[in-house]
1. For the peptides 396-407, 424-435, 460-471, what is the packing order when you average, over each peptide's residues, the other Cβ atoms within 10 Å and list the highest mean first?
2. Gain in length, residue 31 to residue 15, computed as 0.36 nm per residue apart minus the alpha-carbon separation, to one decimal in nm?
3. Before rounding to the nearest 500, sum -39500 (n - 2.57) across all DSSP H runs of length at least 4 in the chain and divide by the residue total; then give [θ] at 222 nm in deg cm²/dmol.
4. Among 220, 115, 330, whose Cα projects farthest towards the positive end of the dipole of segment 115-377, with charges put on the beta-carbon of Lys, Arg (+1) and Asp, Glu (-1)?
5. Residues of the chain: accessible area per residue at 1.4 Å, in Å²?
6. Just one of [x] 38, 35, 22; [y] 37, 29, 22; [z] 36, 25, 22 is semi-axes √(5λ) of the Cα gyration tensor in Å as worked out from the coordinates here. Which one is it?
7. Quick check: at a probe of 1.4 Å, how many percent of the accessible area of the chain sits on carbon and sulfur atoms?
8. With just the Cα atoms defining each centre, how far is segment 243-267 from segment 413-444? Give it in Å.
Amino acid sequence: MGRIGSNLANTPHFNPLNPQEFRKQAHEMVDFIADYYQNIESYPVLSQVQPGYLRASLPQNAPSLPESLETILEDVKNQIIPGMTHWLSPNFFAFFPSTVSTAGFLGEMLCTCFNSVGFNWIASPAATELEMVVIDWLADMLKLPKSFMFQGTGGGVIQNTTSEAILVTLIAARDKALDADGSGNLNKLVVYASDQTHSTFAKACKMVGISPRNIRLIPTTIDAGFSLSPVQLKAAVESDMADGLVPLYLCVTLGTTSTTAVDPIELLAGVAKEHGMWVHVDAAYAGSACICPEFRHHLNGVERVDSLSLSPHKWLLSGLDCCCLWVKNPTALVKALSTNPEYLRNKQSESDSVVDFKDWQVGTGRRFKSLRLWLIFRTYGVVNLQGHIRSDVGMAKIFEEFVRSDPRFEIVVPREFGLVCFRLNPDENFGSDYTELLNRKLLDWVNSTGRVYMTHTKVGGIYVLRFAVGATLTADNH
């Protein structure tokens, strides 16, 4: 023991957070980041490296002695950046955008600065209460009914991703149904969505124990704009009930991943509520547009649903990862997800006078993410956020007009938001297989240039090119 103590006594103190050194290195890092944004168009949008490139170029072991930040940043420039697909490039038009902003960046810096682990109210009262404030602010911007707000009878929480929002609401719906039934027969529960619903839905269903046989992905058609038909939903539900199954959950999508199709919330909720189902609206991408009055009608009928989620990192400048989930009945969510070990007990929580967000999510630990939204809303205001969305939609409309003006191309699905779905179709006599081959080759060629990055999808048997406008740095000239 004496020898160990002696060794410890001779070990110099290591201070990983020296304020003076932090100030110096933080300035270096901020300058590096600003230069990256300034020069981002000089890099290929889609990384051109081959698999395994980085592992082959880095040492096999961590260094024993310190290295300077200058040396590390030089390696970032020479080894990391070439292996990046630059989501913030103004020429990034793939998937959906992942937006950032100065205010969001500063909010993230504050979040990291405080390093708050706000799992319950007493662990960080400000983290809990600010989240309640900003989640109500956004609900008000969306004109959600008071039944979804802390100001009313509901409430909301910041999840990491839409996947988690769907997962926790599925858990709440499952437990509520099993409690009501009393039999605990999980194999009878059936869930519903369209074949355009994000793949995370089926994944989350499996995670909560729903049999793959009981996941109904109802086919959509190009004639209906790939939105879910209430008539087909009703037929599927009634068929399942006739077979002795129990309808549990409906996932309605506002802005599907492939084409930004919008499911009719009011009509679908009407069918689901006839049979006591939990209705969730996945508005991950397009929900943000509903802060603009001209898009708000897409949320008509939201008062009839049980939960709604959208991702501000997609269109409200917050940066990853940030998904806002509102629930009409927080009690069902808390009952399904709450844990109360002795070491977390405190008089405020036990008095039911506070919100403990650990009981609204899968994990326990959580970051002070509401700082990002708070700074964004205050720095830009609702008017500028609306203008940002309208600008992106306007640029998408310009691109759509370019496509329409070229007879070799066609718009496959009418544009609603910032995504244009189109394809090369030079001659209908070529046949679908050859047309698909041409489009695959065109996409490969475009992406191989490094100047632009787009992705594709396949809907209704048609291979479609997707051009998603919304990267924060994109302007008219791009």
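The values are calculated or read from the model by the stated rules, or taken from the named source; none is laboratory data. Owing to the predicted nature of the structure, the values given are computational and were not obtained by experimental measurement. A quick note on method: Cβ atoms are made from the backbone with ideal geometry, for glycine too, and the neighbour counts reach across all protein chains shown. Areas reflect the complete protein model, heavy atoms only, side chains present, ligands, DNA and RNA absent. Shrake-Rupley method; radii C 1.70, N 1.55, O 1.52, S 1.80 Å.
1. Details: 396-407: 13.9, 424-435: 12.2, 460-471: 20.4.
Going by the mean number of other Cβ atoms within 10 Å, highest first, we get 460-471, 396-407, 424-435.
2. Working: separation 16, 0.36 × 16 = 5.76 nm, distance 2.40 nm.
The residue 31-residue 15 span can extend by a further 3.4 nm.
3. Numbers: 15 runs with 190 residues, N = 478.
Theoretical 222 nm ellipticity from helices: -12500 deg cm²/dmol.
4. With unit charges placed on the Cβ atoms, the residue in question is 115.
5. Values: 23720 Å² over 478 residues.
Value for the chain: 50 Å² per residue.
6. Only one option fits the structure, namely [x].
7. Numbers: 13170 of 23720 Å².
With neighbouring chains kept in place, the figure for the chain is 56 percent.
8. First find each Cα centre; the distance between them is then 27 Å.
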